[in-house]
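What follows is one structure encoded as structure tokens, with my remarks underneath.
The values are calculated or read from the model by the stated rules, or taken from the named source; none is laboratory data. Quick caveat, the model's predicted, so the values are computed rather than measured. Virtual Cβ from ideal backbone geometry, glycine too; neighbours counted across all protein chains shown. Only protein heavy atoms, including side chains, enter the accessible area calculation; ligands, DNA and RNA are left aside. Shrake-Rupley method; radii C 1.70, N 1.55, O 1.52, S 1.80 Å.
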Amino acid sequence: MERVTDFKEKHDAKIKEIKYSLFLVRNSPLTILGALIILILILVAVFAPYIAPYDPEKTNILARLKPPSKDHPFGTDDLGRDIFSRVIWGSRISLQIGFTVVFFATAIGTVLGLIAGYFRGWIDEILMRITDMFFAIPSLILAMAISAALQTRSIYTTMLAVTFVWWPAYVRIVRSSVLSLVESQFVEAARSLGASNRRIMFKHILPNSLAPLLVQMTLDLGAVILVAAGLSFIGFGAGPNTPEWGRMVAEGRNYMTTAWWTITFPGLAIFITVLGFNLLGDGLRDILDPRLRR
Amino acid sequence: MSDVTYTAEAGDEILRVENLKKYFPILGGFFKRPVAYVRAVDDVSLSIRKKETFGLVGESGCGKTTLGRTVGRLIEPDSGRIIFKGMDITHISQKEFRGIRRHIQFVFQDPFASLNPRMTIKDIVGEPLVIHTNQSDSEIEDTVLELLEVVGLKKEHLYRYPHEFSGGQRQRINIARALALRPDFIVLDEPTSALDVSVQAQILNLLKDLQSEFNLTYLFISHDLSVVEYMSDTIGVMYLGKLVEVGEAESVIAETLHPYTKALFESIPIPDPKFRGKGAAIHGDVPSPINPPSGCRFHPRCPHAMDICRTEEPALKGDSSHLVACHLY
């Protein structure tokens, strides 16, 4: 038989799949809203130097605690720094923390979850008991303890601390879908062809457990940003002067009765970001739901 | 073919199974110790000749699928021997078995579950080639196209995903995958039981055509005796992990010996409104394979049960072209 060479004909199935996904997205305005928020947030973070009118770390004692105005749309804080610029620069830090933590937590969790669910036996037992230990300790407290133990204060220690408490959740998610997929007939078929364990794990099992993983990752981006902001709020995050949202709220809380803008705008930034990721995650869950797909 | 024998001559034989046993442990209690065993395959011996179709028939849960899977080492047998092309493959390591795996392929029962939903047809059918050969992507594509043609699919199917196909087409894809490495022996595990009757016939005919084209040997596992009758040169009947009757197909069909096989034949529906069957030919449920009945395992449901059946287990006996395990003979 000769081959199909026409691009459109060759990728017909993939094109149809994408079209169907877009169709499902179109019918879900909240997903679009979530995606839009995230898109804008990413654009803001990328183009922060061009958008921000002032240097986020430049203090100006003469212009301290100024209410929102034309010059300072979000007002200024107790050291006279422009809150608008700080919120814009803060998006970089939050996204950086969110993506880094979720990336590493997913990478660790996926590999360990695949191993635990695929090989079962003692290795599964050991890995799952370790994750149980992590679940037994409140994650924020554990992250605080790790931050405290690490001595230095920077966004990198925050990332390390949050990643350390975050991966066990992924082990669970991946393991549970591996457990059902291992029994599936196409895995047995792959085994009957002589496929290696690694091939079965990464070619057959992993691609079929991506949907719940992707949803969890999106939802976790919001959750991680919230936890990271919480850590800096209580003083375990970024160092002084860093335009980190949680830290800004913490610094502004002494003035909240007289200068409401010091905490409102960074707080809103956290709120909208987390909301955006949650809306997108919920939407993805619906779109990737196998019952909605053929 | 008049000299079809259960114990085929050595040169003619491709697969021999000797006293194969597989007991699945049931774990219980705090320490997960086995508290009982499911005797899925209990002391089964059979022999399959080159280019023939060995039809293995029996009710659900009688161990026929387990038997098929042990042959391909998808399940490790507990005892007994599996000899493929004169080589004992029972205990060789999975690594050594990889080379033999090329020659033993499977087609599974459920065409909807046996294809990875995230892979295109090209990747599914080409996977055995990726695993076992060093062919380039473009060579694999050519081979896959050839295979698709052989099983009656079109070139534009190459880049589609399994969910875009009907059950019959999916089973064709499964067959194409099983053929990719040019095996000698294919285990067909209920390949048509999930399909419509009309599609069943197409697939069965395809399998027959492929068999003569590629000199294939089939182990055809099914619960449907009429299908087995159509396909097989040799028929083996299993009941509760035991082979109760085995022989040349014509002989088993024409002179059915075991009461269980007779009951199976009687339960094939006859498409004639004037014919009203007597209802179920055998009564009761299949006893538990955890604690099978003493003596002949069929005796609680057998219309001809005698005292000896309750105490003594019958051995397979008869002339080599037709054996039966029953005290009546």
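Does segment B:301-309 include one or more residues that are of a type in the set (Val, Ile, Thr) and more than 21 Å from B:Cys62 (Cα to Cα)? Yes: segment B:301-309 contains one or more residues that are of a type in the set (Val, Ile, Thr) and more than 21 Å from B:Cys62 (Cα to Cα).
Filter segment A:176-185 for residues that are within 14 Å of chain B (Cβ to nearest Cβ) and open to solvent by less than 60 Å² (accessible area, probe 1.4 Å) and give the result.
Passing the criteria: A:Ser177, A:Leu181, A:Val182, A:Ser184, A:Gln185.
Whenever a residue of segment B:69-93 is within 14 Å of another protein chain (Cβ to nearest Cβ), its partners that are outside any strand (DSSP E or B) and hydrophobic (A, V, I, L, M, F, W, C), lying with C-beta atoms within less than 6 angstrom and at least six residues away or across chains, give the pairs B:Arg69/B:Ile75; B:Arg73/B:Phe97; B:Ile89/B:Ile100.
Could you please let me know if A:Phe99 is closer than 18 Å to A:Ile40 by Cα, open to solvent by 60 Å² or more (accessible area, probe 1.4 Å) and either part of a loop (DSSP other than H, G, I, E, B) or of a type in the set (Phe, Trp, Tyr) (or both)?
Yes: the conditions hold for A:Phe99.
The criterion of at least 2 residues that are out of contact with any strand residue (DSSP E or B) (no Cβ under 8 Å at 6 or more places or on another chain) and modelled with pLDDT of 90 or more is met by the following helices (runs of 4 or more DSSP H) wholly inside segment A:1-79: A:29-46, A:48-51. Exactly one residue out of B:Arg170, B:Arg160 is in contact with a Phe, Trp or Tyr (Cβ under 7 Å, 6 or more places away or on another chain), within 12 Å of chain A (Cβ to nearest Cβ) and more than 18 Å from B:Lys51 (Cα to Cα): that is B:Arg170. Search segment B:43-61 for residues being of a type in the set (D, E, K, R) and assigned to a strand (DSSP E or B), and hand back the single one that is most open to solvent (accessible area, probe 1.4 Å). So the residue we want is B:Asp43. Residue count for segment B:278-325 satisfying the condition of being of a type in the set (Gly, Ala, Ser), modelled with pLDDT under 85 and closer than 16 Å to B:Leu243 by Cβ: 3. Can you confirm whether segment A:215-231 contains a residue that is at pLDDT below 90, surrounded by fewer than 23 Cβ atoms within 10 Å (Cβ to Cβ) and out of contact with any Cys (no Cβ under 6 Å at 6 or more places or on another chain)? No, there is no match, as no residue in segment A:215-231 is at pLDDT below 90, surrounded by fewer than 23 Cβ atoms within 10 Å (Cβ to Cβ) and out of contact with any Cys (no Cβ under 6 Å at 6 or more places or on another chain).
For A:Pro240, the conditions (1) in contact (Cβ under 8 Å) with a residue 12 or more places away in the chain; (2) over 22 Å from A:Pro138 (Cβ atoms) are fulfilled apart from (1).
Considering each residue of segment A:141-175, count those that are open to solvent by 70 Å² or more (accessible area, probe 1.4 Å), touching a residue at least 40 places away in the same chain (Cβ under 8 Å) and assigned to a helix (DSSP H, G or I), and give that number.
Here is the first cut: in segment A:141-175, the ones open to solvent by 70 Å² or more (accessible area, probe 1.4 Å) are A:141, A:149, A:151-153, A:156, A:160, A:164, A:172.
Adding the requirement that they be touching a residue at least 40 places away in the same chain (Cβ under 8 Å) leaves A:153, A:172.
Filter again for assigned to a helix (DSSP H, G or I), leaving A:172.
Here the count works out to 1.
Is it the case that A:Glu188 is part of a helix (DSSP H, G or I), open to solvent by 20 Å² or more (accessible area, probe 1.4 Å), within 14 Å of chain B (Cβ to nearest Cβ) and farther than 30 Å from B:Arg182 by Cα? Answer is no for this residue. Among residues of segment B:132-149 being open to solvent by 30 Å² or more (accessible area, probe 1.4 Å) and facing chain A (nearest Cβ under 10 Å), the one that is farthest from the chain's Cα centre (by Cα) is B:Ser138.
Residues in segment B:104-131 that are assigned to a loop (DSSP other than H, G, I, E, B), facing chain A (nearest Cβ under 9 Å) and open to solvent by less than 60 Å² (accessible area, probe 1.4 Å): 8 in all.
For segment B:192-242, filtering for residues that are more than 22 Å from B:Ser320 (Cα to Cα), touching a strand residue (DSSP E or B) at 6+ places or on another chain (Cβ under 9 Å) and among the small types (Gly, Ala, Ser) leaves 2. Every condition in (1) in contact (Cβ under 8 Å) with a residue 60 or more places away in the chain; (2) at the interface with chain A (Cβ under 10 Å from one of its Cβ atoms); (3) closer than 30 Å to A:Ala211 by Cβ; (4) in contact with a Gly (Cβ under 9 Å, 6 or more places away or on another chain) holds for B:Leu195 except the one numbered (2).
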